[in-house]
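Enquirer: Pasting a structure here, questions to come.
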Amino acid sequence: MLLALAATLIVIAVLSIDIARGPVSRRVRRLLRRRAEPGAIPVGYDPGRELRAEQKARALLRSCVDEADWEMYAELGFLRVWGGEDDPVLRDGDDEHAYAYLIYPHEPLVCFVPASRRLLNEYCVNFPDQSRPYGSARLPASDDVLAKWIALTGDERRLIGAAEMHLPGRLVDPERVQRDLWRLDRWEQARAVRARRAGSLTAP
Amino acid sequence: MKFLRMMPGHGELLLAEGDPSVREEEQELIDAFREQLELGMWAAVPTAAPGGRRRGRMVTAFGEVPRDAERVIFFPRAAGG
């Protein structure tokens, strides 16, 4: 009797293991696959450390760009940089800029025509730190923005020469860019109104 | 003059600090500058352009850094993709 009960328990245990093996192994495989995906959370990722790094990066960005640019980034989440600033043919005393870039953190630069909002190209560029001090080569988001800003305003040709050029829409959703350009217009109008009001209040 | 380096998981890191008008400190700055370039970093100085707009100025040698610059920022060189 005891022997029969033990045998039954063993059979039940073996069947349970066999039934559970499928879903468990699938779950383990899925977990391993997720860890190996590009952009997945790297080993040793510390959200607190990353947050502190991002706060420092934001402070550094703020100390480098114009006040209006900082407000643009803080409120809209991207920066606009005029293109061809050093090109005498493109500037030629004209106040209109032939083209400009939108800088998003950890996304390609988007080049567009300000007057028509036509998208021209995407420039895929990043700044990988191969020393990987904490396991990742990725700069904090605001450092990535600052690196793009400083390189674009300092030596546009050099940065664009290092980037991979693609047609618009390959990595950045064009509808989102159009929405962001519309938001930028609205933001600039509101800012101009605020500046006028402040000016009229302080005028004698 | 301060040398700052952007770093993953850290934000900026102070690499060196010195007065370029003091000979010994200038040499330390030159050595630190060279070391970062050898590590594959790009270097830039935040400046104000005529008219007041701020912008970056890329530098490839210590001699190109304006003497009155407060900061030189090092960051990993750009790569496509």
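The values are calculated or read from the model by the stated rules, or taken from the named source; none is laboratory data. All values reported here derive from a predicted model rather than from experimental measurement. Using ideal geometry, Cβ is built from the backbone for each residue, glycine included, and neighbour counts are taken over all protein chains shown.
Enquirer: Pairs please, first residue from segment A:84-101 and farther than 17 Å from A:Gly154 by Cα, second anywhere and surrounded by 13 or more Cβ atoms within 10 Å (Cβ to Cβ) and modelled with pLDDT under 85, Cβ atoms under 7 Å, 6+ apart in sequence or on different chains.
Expert: A:Ala98/A:Leu90
Enquirer: Any idea how many residues of segment B:1-16 are more than 15 Å from B:Ala43 (Cα to Cα) and either away from chain A (no Cβ under 11 Å) or assigned to a strand (DSSP E or B) (or both)?
Expert: Result for segment B:1-16: 1.
Enquirer: So, in segment B:1-59, of the ones that are exposed (fewer than 15 other Cβ atoms within 10 Å of the Cβ) and small (Gly, Ala, Ser), which residue ends up farthest from A:Thr153 (Cα to Cα)?
Expert: Taking the candidates together, the pick is B:Ser21.
Enquirer: Sticking with this structure for a sec: Run down A:Gly199, A:Gly161, A:Gly154 and say which single residue is within 23 Å of A:Arg58 (Cα to Cα) and either in the same structural domain as A:Ala53 (by TED's automatic domain parsing) or assigned to a helix (DSSP H, G or I) (or both).
Expert: After applying the criteria, what remains is A:Gly154.
Enquirer: Taking segment A:41-84 as the search range and keeping residues that are within 10 Å of chain B (Cβ to nearest Cβ) and β-branched (Val, Ile, Thr), which one is surrounded by the most Cβ atoms within 10 Å (Cβ to Cβ)?
Expert: A:Val65
Enquirer: Go through segment B:46-65 and give me each residue that's at pLDDT 95 or above, under 22 Å from A:Leu61 (Cβ atoms) and more than 8 Å from every other protein chain (Cβ to nearest Cβ).
Expert: B:Val59, B:Val65
Enquirer: How many residues are in contact (Cβ under 8 Å) with a residue 24 or more places away in the chain and either away from chain A (no Cβ under 14 Å) or assigned to a helix (DSSP H, G or I) (or both) if we restrict to segment B:19-45?
Expert: Going through segment B:19-45 one residue at a time, the tally reaches 8.
Enquirer: Answer with yes or no whether A:Cys124 is at pLDDT 95 or above and more than 26 Å from B:Leu4 (Cα to Cα).
Expert: no
Enquirer: With respect to A:Asp180, is the statement that it is loosely packed, with under 14 Cβ neighbours inside 10 Å, more than 10 Å from chain B (Cβ to nearest Cβ) and either assigned to a loop (DSSP other than H, G, I, E, B) or not hydrophobic (A, V, I, L, M, F, W, C) (or both) true?
Expert: Considered against the rule, which asks whether it is loosely packed, with under 14 Cβ neighbours inside 10 Å, more than 10 Å from chain B (Cβ to nearest Cβ) and either assigned to a loop (DSSP other than H, G, I, E, B) or not hydrophobic (A, V, I, L, M, F, W, C) (or both), A:Asp180 comes out as no.
Enquirer: Take A:Glu188 and tell me if it is assigned to a helix (DSSP H, G or I), among the acidic types (Asp, Glu) and free of Cβ contacts under 8 Å to residues at least 60 places away in the same chain.
Expert: So A:Glu188 fits the description; yes.
Enquirer: Okay, moving on. Name the residues in segment A:121-160 that are more than 9 Å from every other protein chain (Cβ to nearest Cβ) and surrounded by fewer than 17 Cβ atoms within 10 Å (Cβ to Cβ), would you?
Expert: A:Arg157
Enquirer: Of the residues A:His97, A:His106, which single one is loosely packed, with under 15 Cβ neighbours inside 10 Å, closer than 22 Å to A:Leu181 by Cα and within 14 Å of chain B (Cβ to nearest Cβ)?
Expert: A:His106
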